[in-house]
Structure formats: C-alpha cells, structure tokens
Amino acid sequence: MIKSMTGFGKGEVRVADKVITIEVKSLNSKQSDIFMKLPSAYKSKEIDLRNIISQSLNRGKIDFLLNVESTENNSVKINKELALSYFKQIQQLEPSVGDKMSEEMISLILRMPDVMNTGKEEIDESEWEAIKKATNSALENLDKFRTSEGKVLEADLFSHIKNIETFLIQIDPLDKNRLVKIREKQDKAISDLKDANIDKNRFEQELIYYIEKVDISEEKVRLKSHLDYFFLTAKEENPGKKLGFICQEIGREINTIGSKSNDADMQKLVVQMKDELEKIKEQSLNVL
C-alpha cells in the first residue's frame, strides 16, 4: 500500500502542572534523518525518543518538536541573561530593532528555547510516560496523514501508468504497418537485384538480420510486464524504492522502442510515454 513520505502529526497530554505537546513532520528522503528540538531538561531522553521514532518511521526527513508549558505561573522563572542574549543577537541581524524591546519582541523571546524555566530539571516516571504517550499519538496521526496522502499519490501514479499502457496499445498497429512497409521494401530490393551478380543467400541473411534488429516485439512484451508489475508492487508494504527500480526498467524499454522504431508516428507516442514516466519518477520519490 502506497503511503506518502510527507506528513504531520501532533500529540498532546497533561501531566501534573504541565502540558506536553509533540509535533512530528516528515518530508521525503532516501534514508531516515531525524532532527530533534527538545528543551534542555529533556535532552537525556533524546536517544529513547529517537528509538521510538525509528521503530515507527523507517524512512524520511523527520522533524521532531517537544514543547512543555507549565500551567502554574508561580513556578516559572525567566532566564534574563539568556533572554538578553537572544535580543542582542536579533539586534545584530536587524539593527532597526533598536535598543528597547517591543511587546512583540518580548513575546517572541519568551518563546525561545530555555528562556522560560520551570525550575525542575529531572523528569520523573509519570512525566516520561506522558511524553511517550504524546509521541506515539503524534506518530499515529502522522501515519494517518501519510496514508491519506498516499491514496491521492497512488491514484496519480496509476493514471500515468495507464496512460503509458494506452500509448503502448496505440503503438501496436503502427508497428505492424511499419513491418509491412519494411518487408515491401525488401521484396522490391530483392526483385531489383535478381539479375545482379551478388550472393543472394548472404543478402537475404542481412535482410533477416535487419528485420530482427528493428523488431520491438520483445520490448513491447517486457514493457507491458513492467507496467503490470508496477501495479502489483504498489500494493506491497513500503514499495517506494522498488517502484523506483521498476521505473528504471520501464524507461529502458521505452528508450529501446524509440531507438528501433524509425517511424515518426511511433516516435511521437514514445515521447508521450517518456513524459508520463518522468511524472511517475517525480511522484515516486515521495512514496514511502
């Protein structure tokens, strides 16, 4: 079953005096690349969280955000030195900010990492269980998003594959007419040379060799086989990489048909097949 590598999931739980929010975003990538943003007090759980993510998401560029907000304002302390440091760095980037913080600037800086400090540095077991629950919830929601996007992606891919099948069917009568014309030219050539002093057996062998060289029967059969295999493979679990390999084989057969055809109308159909294949390749990069 096709799933998109693009997705977003969010999970939220309340524990004691805190609201824990997990956000997970994924984009397409050949491998699994996980980028995490955690408050400093939760860095000790980074490896555990990476393991949870890896078990659920086997491929993609993953952005993971853990945010913790305290519901008890009295327990919150502002790290003034860190807040001023952020402000000075913003001034260096944008001198027009001036020397005084606006309300908008204060609101922005208070949302910076570690500016708001609850004073509690250790994570107890109940809080860790809440974090895992929120993480799993976010991952489940991301998977639902990927599945939903995958259905749209599958419909688009299948439409392009069916278009290639249609062009392949249209090539068949053109190919038969082409072979008839080639044989007629050969018969005429043999007739013109019947009184010539040549080795007719060798000449006929060369003509047979030429017919075999321009024959695309095998390529048409293999291309149809690859197209059927694409449909079957798309129903497998996480078929993205395999679909990419099948696209390479489809492209190889289309190119061979184009090089052998030597017919303007067939070449037009080959160009259209190539165009459809490029769309398939582009979309298949986002298949999990």
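All of the numbers you see were taken from the coordinates with simple rules; none came from a lab. What you see is a predicted model, and the numbers here were worked out from it, not measured in a lab. Note: ideal-geometry Cβ built from the backbone for every residue, glycine included; neighbour counts use all protein chains shown.
Between residue 18 and 71, the built amide H atoms are under 5 Å apart, and every one of these is 5 or more places off in sequence or on another chain. When every Cα-Cα distance of segment 127-177 is counted in 10 angstrom steps from zero, the calculated P(r) takes the values 21, 22, 19, 15, 11, 7, 4, 1 percent. Computed packing ranks the peptides 130-141, 166-177 as 130-141, 166-177, most packed first, by mean other Cβ atoms within 10 Å. If R0 is taken as 51 Å, the Cβ-Cβ distance between residue 44 and residue 259 corresponds to a FRET efficiency of 0.25.
For residue 2, the shell of other residues with beta-carbons less than 14 Å away shows a net charge of +1, using +1 for Lys and Arg and -1 for Asp and Glu.
Paramagnetic label reach from residue 172 (point 7 Å along Cα→Cβ; backbone nitrogen cut-off under 18 Å): within segment 217-235, residues 217-229.
Find how much the distance from residue 35 to residue 185 grows on full extension, using 0.36 nm per residue of separation minus their present alpha carbon separation; answer in nm with one decimal. Provide the component values of the computation, followed by the final result.
On the way: separation 150, 0.36 × 150 = 54.00 nm, distance 6.60 nm.
The span from residue 35 to residue 185 would gain 47.4 nm if fully extended.
A dipole drawn for segment 77-117 from +1 and -1 charges on Cβ atoms has a positive end, and of 101, 87, 116 the residue lying farthest that way is 116.
Considering only DSSP states other than H, G, I, E and B, which GluC sites (Glu not before Pro) in segment 219-288 qualify as loop sites with at most 14 other Cβ atoms within 10 Å? Here the sparse-neighbourhood loop sites are 236, 237. The rule of thumb for compact globular proteins, 2.2 N^0.38 Å, goes into the C-alpha radius of gyration of the chain 1.68 times. The phi-based Karplus calculation (6.51 cos²θ - 1.76 cosθ + 1.60; θ = phi - 60°) puts the 3J(HN,Hα) values of segment 141-157 at 5, 5, 5, 5, 4, 4, 5, 4, 5, x, 5, 5, 5, 4, 4, 5, 4 Hz, whole numbers, x for Gly and Pro. Under a 5 Å amide H cut-off, with hydrogens placed 1.01 Å from N, residue 29 pairs with 60, 61 among residues at least 5 apart or on other chains. Relative to the dominant Cα principal axis of the chain, helix 80-93 is inclined by about 40°. Estimated from helices alone, the mean residue ellipticity of the chain at 222 nm is -21500 deg cm²/dmol (sum of -39500 (n - 2.57) over DSSP H runs with n ≥ 4, per residue). A simple spin-label model places pseudo-atoms 7 Å from Cα toward Cβ; at residue 129 and residue 215 they are separated by 7.3 nm.
Given a Förster distance of 30 angstrom, what is the FRET efficiency for residue 27 paired with residue 155, based on the Cβ-Cβ distance and rounded to 0.05? List each step's numbers first, then the result.
Working: r = 21 Å, r/R0 = 0.70.
E(calc), rounded to 0.05, equals 0.90.
Considering only Cα atoms, the convex hull volume of segment 77-117 works out to 63 Å³ per residue. Axis of helix 240-261 versus longest Cα principal axis of the chain: the two differ by about 30°, to the nearest ten degrees. For the chain, relative contact order (Cα pairs under 8 Å, six or more residues apart, normalised by length) works out to 27 percent.
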